[in-house]
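Participant: Before we start, here is the structure in question, set down as structure tokens.
No lab work stands behind these numbers, since they all come straight from the coordinates. All of these numbers come straight from a predicted model, not from anything done at the bench. Here the Cβ positions follow ideal geometry from the backbone for every residue, glycine too, while neighbour counts run over all protein chains shown.
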Amino acid sequence: MTVNIKELIRTIPDYPKPGIMFRDITTLLEHPEGFRETINQLVEHCKNIDFDVIVGLEARGFIIGAAMAYAMNKGFIPIRKKGKLPGKVKRKEYNLEYGTDTIEIHTDAVKPGEKILVVDDLLATGGTCLGAISLLEELGAIVQEFVVVIDLPDLPGGKRLREKGVKFFKLIDFEGD
């Protein structure tokens with residue numbers, strides 16, 4: 001059975017504010033074959049990347065990244081929104097297409113020189129992923145690649161990653177958003 005991953009992602013208009021077309025992967029996650037195919041395709045792409053651990057971005061990056069880490073026998077590290085981690089943290093404020101936010105990582109979560117694969121569900125303006133990459137680099141880690149299920153190519157995220165020299169991979173595009 002062939003699964004069309006893109007068809008399993010619903011679009012919610014005007015969320016979280018007017019003009020935003022929210023790409024909701026919860027419909028993909030609840031579809032067993034679609035979820036399995038998504039993880040399998042991401043793992044297939046990443047199997048030849050030299051990395052030590054997967055870092056997932058809150059919140060949907062936790063789901064995708066943890067499943068990939070399990071499938072690849074790698075560790076998983078969360079980057080969370082401000083105030084969610086109990087230990088000593090390093091934080092970074094960044095811009096979103098609809099405001100600002102702050103992310104945090106435990107200061108002892110990564111080691112200097114550790115090679116990281118960063119995972120999230122979607123790349124839009126690039127604010128979240130660039131904030132995460134900055135946090136990881138400040139802790140001495142080396143980001144090997146940024147991997148997402150969805151890229152919104154009409155927004156500047158991909159361009160911003162290329163300008164920073166960060167490799168990225170996406171399974172599907174949603175254009176015109």
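Participant: Stretched out fully, how many nm does the piece from LYS111 to GLU30 gain, at 0.36 nm a residue minus the Cα gap? Walk me through the numbers before you get to the answer.
Facilitator: Working: separation 81, 0.36 × 81 = 29.16 nm, distance 3.48 nm.
Extra length available between LYS111 and GLU30 comes to 25.7 nm.
Participant: Then there's this: Taking the Cβ of each residue in VAL53, VAL143 as the centre, tally the other Cβ atoms inside 10 Å and list the residues starting with the fewest. Let's see the in-between values first.
Facilitator: Details: VAL53 18, VAL143 21.
Listed from fewest to most nearby Cβ atoms, that is VAL53, VAL143.
Participant: Modelling each spin label as a point 7 Å along the Cα-to-Cβ direction, I'd like the THR102/LEU171 distance in nm, to one decimal.
Facilitator: Calculated label separation equals 3.3 nm.
Participant: Order of LYS90, LYS17 from fewest to most other C-beta atoms within 10 Å? Kindly include the intermediate steps, with their values, before the conclusion.
Facilitator: Details: LYS90 16, LYS17 10.
Neighbour counts put them in this order, fewest first: LYS17, LYS90.
Participant: Let me ask something else about it. So if I place +1 on the C-beta of Lys and Arg and -1 on the C-beta of Asp and Glu, and nothing else carries charge, what would the dipole magnitude of the range 117-177 be about its Cα centre? I want it in debye, nearest 20.
Facilitator: Numbers: 6 positive and 11 negative charges, 49 e Å.
Here the size comes out at about 240 debye.
Participant: Return the FRET efficiency for the residue pair MET21, TYR70: r is the Cβ-Cβ distance, R0 is 41 Å, and the value is rounded to the nearest 0.05. Provide the component values of the computation, followed by the final result.
Facilitator: Values: r = 31 Å, r/R0 = 0.76.
Working from the Cβ atoms, E equals 0.85.
Participant: Please order ILE12, ILE49, ILE39, ILE150 by the number of other Cβ within 10 Å, starting at the fewest. Don't skip to the answer; put the middle values down first.
Facilitator: Numbers: ILE12 11, ILE49 14, ILE39 19, ILE150 22.
Fewest-to-most Cβ neighbours within 10 Å comes out as ILE12, ILE49, ILE39, ILE150.
Participant: Out of all DSSP beta bridges in the chain, what portion is antiparallel? Express it as a percent rounded to 5. Don't skip to the answer; put the middle values down first.
Facilitator: Values: 14 of 36 bridges.
Antiparallel bridges: around 40 percent, rounded to the nearest 5.
Participant: Enumerate the amide H contacts of GLY126 below 5 Å, restricted to partners 5 or more residues apart or on another chain; note that Pro and chain-start residues carry no placed amide H.
Facilitator: Residues meeting the criterion, in which the H sits 1.01 Å from N, are GLY157.
Participant: Once fully extended, how much extra length lies between GLU44 and ILE12, figured as 0.36 nm per residue of separation less the alpha-carbon to alpha-carbon distance? Could you put the intermediate results ahead of the total?
Facilitator: Numbers: separation 32, 0.36 × 32 = 11.52 nm, distance 2.96 nm.
My answer for the length gained is 8.6 nm.
Participant: Next question, about the same structure. Tell me which lysines have Cα within less than 21 Å of LYS6's Cα, excluding those fewer than 8 residues away on the same chain?
Facilitator: The reachable lysines, counting only those whose Cα sits under 21 Å from LYS6, are LYS170.
Participant: Cα gyration tensor of the range 49-173, axes a ≥ b ≥ c as square roots of the eigenvalues: rounded (a/c below 1.5), prolate (a/b > b/c) or oblate? Walk me through the numbers on the way to the answer.
Facilitator: Values: a/c = 1.45, a/b = 1.15, b/c = 1.26.
Taking the square roots of the gyration eigenvalues as a ≥ b ≥ c, the range 49-173 is rounded.
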